[in-house]
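A short write-up of the structure that comes next.
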Amino acid sequence: MKCLRPSRSALGYFLAALGVVGTLASARSQALADESRFIDHSLLIAPEYPCTWPSYPFPRFQISRQRTIGPDSAYNVDVLLIDGNTGTQLDVPPHSVARPDLNREKSGPLGLAYTDKIAAWQFGGEACVVDIRELLDQSPNGISPLVQPAHVERFEQQHRRLRFGDVVLFRSDFSDRYYQPLPAGRRFIADILDRKAPGYPDPSPECMEFLATRKVMTLGTDSASMGPLPNLAEPTHYAGLKHGMIWTEGATNLGALPPTGGFYCLLAPKHKDGPYSEGRAFSIVGGDLPRRLIDACRNERAIDLSPTLSPEFPVTSPGVRTGDHRQTYLKVDFLYSDYLDMWHHGHLMDSMSGTHLVPPAFALPPDSQAIPYAPEVRGWLEEYEARFGKRGISSLTTEQVPLDWTCGEARVIDVTSLIGTTKSQEWPASPEIRIDHVLAFEARHGQLNPGDVVIFQTGHTDKYFRAAPADAEMWQNPLTGKAEGWPAPGPETIHFLKGRGIRCVATDAPDLGGVDPRRALMTYWSLGTQEMVGVEMLVNVGKIPNNAYFLFAAVKVRDCHGGPGRAIVLY
């Protein structure tokens, strides 16, 4: 990544005089950062990788550039066609458990436990790595070697008895070895289905039943699926999902984890009525942080901060001018399951649908070549650079953003007092979150520390995230000047937060820019130039207690200028 640093401006000297540039963390926070480290367990999603199930009629993953920085746009805007069975993914009970109203043999209440209904604590827990590497490639072509209860019992003899709050991870190193660009990547799934290669190792139905006796609710595998081939996929799925289990499919790099003690988590977009979802898996090892987060999950202390994704909800911007809208979120049905009375489906969606990441490359060009901005935007850039120094460049897209940038101590700054402070004759306008609002927060709650995640509580999404036709207050009315915009930080505040060592700024508003396009662009230029990221469109921020830890991860899509994901806090 390349990023030009802004030159020292009058604002920079002012901040230095305040003593905010280069502020050190407290000894405790610094020690925690030194000792704890994040490990990514997610497969890279890209068109030339075997990231989707290859059988007909499953759709292939696609990313398209709806807009790129230039005369028509100040931003890079991407659209995704993505199925929940893509890359590293989450399975939940309705994948195999039928709805109760169907009154079928496999019907039950868990047939309604979709991705938008799973409690946030269940996404994480203590990683318990069951080493099954001896099974890799030890079977005939097209057939999966089975993980049996004896393999789990061996783990318990070597380490400890499994219990509620553990995340059992089956490590075969399958994805580490075989997840490669095509055509070599056919070995990952396609060659197994064609009976040209041994199947991936997976647990038997009896193994799932055994884990249920230990009250294990969350699992993971570095195989392409939790379902043994050729004919035990559904029996194994149902054996676990009927108990309310959820799991990761397509994890990777499990060898970087110790057998016990690490914190593991899978965060996935919150699709309405989704039986599965593309996701992002990671772990945290070392220091005190893993124990703290494991304890929170084991005791069910978690809050979900993401709104539900659905075509009926205002999850993307409608824009102001005709034709400026972002890709609406669409459900794409492609395969009907008669037994479940459910369509398997993917989504056509803007990469900034719902809770999402804002990487530096969203608003910054990748190099220093002159950009043919529209005349109005060229004027804004001249104004910006006169005040804040040279606008940066960046090729830091979503998959390159370090996981520890979007996770940290939650520092919630309540800015709801700004609502109603603009004049209607000046609309469209957003109340500006200024440096003095941050300083007032610090005076009451203590100084921000490097690595903290600053979350602005506006209350906007909680109040206005409503299904159509009651959805206009979320985006449309503020953008068109029929209502006041949501509070948003200006570029000065972003520079100030960088001086505090903040990497990630989040909001429960639709975005961090606000409704004034000039001011919004300067805020995003500042975020990118300062090598900071944003997390936008949260909910439930007012419910975050003190001493909570914020976790967000975006789906690992290569060269993506946004990134749908899931945000939670553990406390």
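Cross-link partners for Lys423 among the lysines, with Cα-Cα distance under 22 Å and sequence neighbours closer than 8 places in the same chain left out: Lys463, Lys482.
For region 55-104, which trypsin sites (Lys or Arg not before Pro) pass both filters: DSSP loop (anything but H, G, I, E, B) and at most 15 other C-beta atoms within 10 Å? Please list the in-between numbers first.
Numbers: sites: Arg60, Arg65, Arg67, Arg104; in loops: Arg60, Arg104.
Filter output for region 55-104: Arg60, Arg104.
What share of the DSSP beta bridges in the chain is antiparallel, in percent to the nearest 5? Once the DSSP bridges in the chain are tallied, antiparallel ones form about 65 percent.
Listed by chain and number, the lysines placed with their C-alpha closer than 23 angstrom to that of Lys215 are Lys106, Lys117, Lys242; residues fewer than eight positions away on the same chain are left out. Defining a contact as two alpha carbons under 8 Å apart and six or more residues distant in sequence, what relative contact order in percent does region 84-300 show? It comes to 33 percent, rounded to a whole number. For region 116-129, 3J(HN,Hα) computed residue by residue from phi via the Karplus equation (6.51, -1.76, 1.60; θ = phi - 60°) reads 8, 10, 5, 5, 5, 4, 6, 6, x, x, 7, 5, 10, 8 Hz, glycine and proline entered as x. For the chain, adding -39500 (n - 2.57) for each run of n ≥ 4 DSSP H residues and dividing by the number of residues yields -6000 deg cm²/dmol at 222 nm. In straight-distance terms, cross-link reach from Lys390 covers every one of the lysines whose alpha-carbon lies under 21 Å from its own, apart from those fewer than eight places away in the same chain; here that gives Lys2, Lys498. For the chain, the longest principal axis of the C-alpha atoms and the axis of helix 435-445 are separated by about 60°. Long-range amide H contacts for Thr88: which residues qualify at under 5 Å (H placed 1.01 Å from N, peptide plane, sequence gap of 5 or more or a different chain)? Answer set, sorted by chain and number: Leu43, Gly279. Does region 271-363 come out rounded, prolate or oblate, given a ≥ b ≥ c as the square roots of the eigenvalues of its C-alpha gyration tensor, rounded meaning a/c under 1.5 and, failing that, prolate meaning a/b above b/c? Here region 271-363 falls in the oblate category. For region 105-169, the list of chymotrypsin sites (Phe, Trp or Tyr not before Pro) that fall in a loop by DSSP and count at most 16 other C-beta atoms within 10 angstrom reads Phe164.
Only loop residues by DSSP count here, and only those with at most 13 other Cβ atoms within 10 Å; note down the trypsin sites (Lys or Arg not before Pro) in region 175-254 that meet that. Spell out each step's value before the answer.
Details: sites: Arg177, Arg186, Arg187, Arg195, Lys196, Arg214, Lys215, Lys242; in loops: Arg195, Lys196, Arg214, Lys215, Lys242.
Within region 175-254, the qualifying trypsin sites (Lys or Arg not before Pro) (loop, at most 13 other Cβ atoms within 10 Å) are Lys196, Lys215.
Evaluate 2.2 N^0.38 Å with N set to the residue count of region 450-562, then give the Cα radius of gyration divided by it.
On the way: Rg = 14.6 Å, N = 113, 2.2 N^0.38 = 13.3 Å.
Dividing the Cα radius of gyration by 2.2 N^0.38 Å gives 1.10.
A cut-off of 5 Å between modelled amide H atoms, ignoring neighbours fewer than 5 places along the same chain, links Ile455 with Arg411, Val412, Ile413, Ala506. Working note: Karplus 6.51/-1.76/1.60 with θ = phi - 60° gives region 189-194 the couplings 9, 4, 5, 5, 4, 8 Hz, where Gly and Pro are set to x. Please determine, in degrees from 0 to 90 and to the nearest 10, the orientation of helix 149-158 with respect to the longest principal axis defined by the Cα atoms of the chain, where the helix direction is its Cα long axis. It works out to around 70 degrees. Using a cutoff of 8 angstrom between alpha carbon atoms and counting only pairs six or more residues apart, the relative contact order for the chain works out to 20 percent.
Less than 5 angstrom separates the built amide H of Tyr114 from none of the residues sequence-distant by 5 or more or on a different chain. For region 506-553, the spread of Cα positions along the three principal axes, ordered from largest to smallest, is 34, 23, 18 Å.
Report, to two decimal places, the Cα Rg of region 357-497 normalised by 2.2 N^0.38 Å (N = number of residues).
Numbers: Rg = 17.5 Å, N = 141, 2.2 N^0.38 = 14.4 Å.
Here the answer is 1.21, to two decimals.
When the square roots of the Cα gyration tensor eigenvalues are ordered a ≥ b ≥ c, the ratio a/c for region 84-300 is under 1.5, which makes its shape rounded.
Give the Rg/Rh ratio for region 407-450, taking Rg as the radius of gyration of the Cα atoms and Rh as the Kirkwood radius, to two decimals. Walk me through the intermediate numbers first.
On the way: Rg = 13.3 Å, Rh = 12.3 Å.
Computed over Cα atoms, the ratio is 1.09.
Based only on the alpha carbon positions, what is the Kirkwood hydrodynamic radius of the chain, in angstrom? That comes to 24.4 Å for the chain.
Quick note: the coordinates plus some simple rules give every number you see, no bench work behind them. No experiment lies behind these values; they were computed from the predicted model shown. FYI the Cβ positions are ideal-geometry reconstructions off the backbone, even for glycines, and counts take in every protein chain you see.
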